[in-house]
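Colleague: For reference, the structure I am asking about is given below.
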Amino acid sequence: MAGLLDGLEIGKRALFTNQLWLNTIGHNIANVNTPGYSRQRVDIHPTDPQDSPQGSIGTGVEATGIRQVRDLFLNQQYRNTNKSLGQWTARDKTLSQIEALFNEPKPGSLSDLLDKFWASWSGLSVDPTLTSARTDLVAQTKMLTGGFNRIYNQLQDLSKSVDNDIVLSIDKVNQIASDIATLNQQISRSELGGQTANDLRDRRDYLIDQLSEYVDVNVREQKNNTTTVYIGSLAIVDGTSSYKIGTRKINSGEMTTNQIVWEGTTKEIKNFDGQLKGLIDTRDSIVPQYMGLLDEMAQGLITSVNAIHQTGYGLSDSTGLNFFDPLKFGAATISINSDIERDNSLIAAAGAEGQPGDNSKALAISYLRNSSVMLGGTASISEFYSSMIGKIGVEASKAKNSKDNYELLAGQVDSARQSIQGVSLDEEMTQMIKYQHAFDAAARVITTMDQALATIIQEMGIVGR
């Protein structure tokens, strides 16, 4: 009698265990497209056997828990790759925008305007008395200076845009950190009884993956099942608490930018990686570098042209005039002398007084096109500009290639990670059939034991009555 009851218990345990497997498989299938979800498996083992005169008799099976299938090494490798991807993505975006601003070598670009400026001086040298040639020179000069002004101002606007992106990224980092702290609290409470909050852990790990795009993160799990998340060596999440990053305004050259600090303090945070590092580098180094080179080019043009023009004579023997306004000494403000703009007869094309047909100064200025007036007399203005455009192209190509490489690497690491912890519908369907048959068999065991008990209870001892 007791043996049959034990058989019923074995069948019941098997039924419950296989039902739990089927429920877990259904949960996996339901979350096949859920970002960050890790497939789950039921841990089972045989229950303790019973001793009998015939030896140890098995008592069935039981589930000891439901676990996530995760690879901690691949998770960390993905986060390290994602950090580099975020950094190069930010640099690629900015450098692509800088390339678009210069728009080389298309009509209307700065090199095109510079060529037309030199050509106008050459045209004036043919006949310095022609009003049309002087009018053309003034017009081409205004277009050239306007080109300098436009590109410099657009670079300033780009820097401000990047600075705004930094603020938005900080808000995102703070939101993710706050969400991780909230999940830490929920996980700690859920796992007090020894259970594992798999779905909450998935959400927390997914948030940490997202955070790794913005900053370099290091994670340590504590004994109470919460995590401490570090940016470098400083914790942004510690258990159920999160610490916010903030900004404070500082003057940086001609602009006001946001310095990254711990909120409520003036302590600057410098050890960034990820997208924030890419944004900071572009705002503080890359964009200012090209603004400085553009300034240097404009200053070289102003200085070299003015130096010759001051020694020349206009149609009415005016002399000593600057062609470019010397008070507007830079790419942001470069401008033709307002007196010359109003009266183009003041353009000093002649090299001697009383000779309005003389073209020596116009020729001398047109020869500046190929004169080494930049970089300490080692490069012409055009060569300097070509070198700058080449530098932009090289850096933009490097950023794009690095972004593409890290994008490919992140995809490969994620694929390897998903092959371990992701949900495969084919595998889950196979597992479902397996445990469905096991469930059916367990139900058959219970039915068989029930029939045996019925035979004993209802039919034994009634023969011959």
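Throughout, read-outs are computed from the coordinates displayed, never taken from laboratory work. For clarity, every value in this text was computed on a predicted model and none was experimentally measured. Note that we place each Cβ from the backbone using ideal geometry, even for glycine, and neighbour counts take in every protein chain shown.
Colleague: Helix-derived [θ] at 222 nm for the chain: sum -39500 (n - 2.57) over DSSP H runs of at least 4, divide by residue count, nearest 500? Please report the intermediate quantities before stating the final value.
Modeller: Numbers: 11 runs with 274 residues, N = 465.
Rounded to the nearest 500, it is -21000 deg cm²/dmol.
Colleague: Now a separate question. Using DSSP to call loops (not H, G, I, E or B), can you name the trypsin sites (Lys or Arg not before Pro) in segment 230-268 whose Cβ has at most 12 other Cβ atoms within 10 angstrom?
Modeller: On the way: sites: LYS244, ARG248, LYS249, LYS267; in loops: LYS244, LYS267.
Passing both the DSSP loop test and the Cβ count: LYS267.
Colleague: Per q in 0.12 1/Å, what log10 I(q)/I(0) does a Debye calculation on the alpha-carbon atoms of the chain return?
Modeller: -1.04
Colleague: So for the pair ASN164, THR256, with labels modelled 7 Å out along Cα→Cβ, what separation do we get in nm?
Modeller: My value for the distance between the label points is 1.6 nm.
Colleague: Which whole-number percentage describes the relative contact order of the chain, with Cα contacts under 8 Å and a sequence gap of 6 or more?
Modeller: 24
Colleague: Give me the distance in nm between label points sitting 7 Å out from Cα along the Cα-to-Cβ direction at MET429 and THR311, one decimal.
Modeller: Roughly 8.8 nm, to one decimal.
Colleague: Further question on the same structure: Loop-only check: which GluC sites (Glu not before Pro) in segment 239-293 are DSSP coil with at most 16 other Cβ within 10 angstrom?
Modeller: Hits after loop and neighbour filter: GLU254, GLU263.
Colleague: If you stretched the chain out fully between THR266 and THR319, how much longer would it get, using 0.36 nm times the residue separation minus the C-alpha to C-alpha distance?
Modeller: Here the segment from THR266 to THR319 would lengthen by 13.5 nm.
Colleague: Roughly speaking, what is the stretch gain from LEU408 to ILE57, that is 0.36 nm per residue apart minus the C-alpha to C-alpha distance, in nm to one decimal? Numbers along the way, then the final one.
Modeller: Details: separation 351, 0.36 × 351 = 126.36 nm, distance 5.56 nm.
Gain in length upon complete extension: 120.8 nm.
Colleague: Would you please put 319-329, 166-176 in order of how densely packed they are, using the mean number of other Cβ atoms within 10 angstrom per residue and starting with the highest?
Modeller: Descending packing order for the listed peptides: 166-176, 319-329.
Colleague: Please give the Cα centre distance for segment 330-357 versus segment 271-287, rounded to the nearest Å.
Modeller: 44
Colleague: For segment 189-260 and segment 397-438, write down the distance between their C-alpha centroids in whole Å.
Modeller: After rounding, the separation between the Cα centres reads 25 Å.
Colleague: Taking Cα atoms, how many degrees apart are the long axis of helix 2-30 and the longest axis of the chain, rounded to 10 and kept between 0 and 90?
Modeller: 20
Colleague: Please identify every one of the trypsin sites (Lys or Arg not before Pro) in segment 181-232 that sits in a loop by DSSP and has no more than 14 other beta carbons within 10 Å of its own beta carbon.
Modeller: Passing sites in segment 181-232 are LYS223.
Colleague: Can you tell me the FRET efficiency between SER241 and ALA443 if r is taken as the Cβ-Cβ distance and R0 is 41 Å, rounded to the nearest 0.05?
Modeller: Result of the calculation: an efficiency of 0.25.
Colleague: Something else: Going by how many other Cβ atoms sit within 10 Å of their own, how do MET432, MET449 line up, fewest first?
Modeller: Result, fewest neighbours first: MET432, MET449.
Colleague: Let me ask another. How many angstrom lie between the Cα centre of segment 82-131 and the Cα centre of segment 1-67?
Modeller: Segment 82-131 and segment 1-67 have Cα centres separated by 72 Å.
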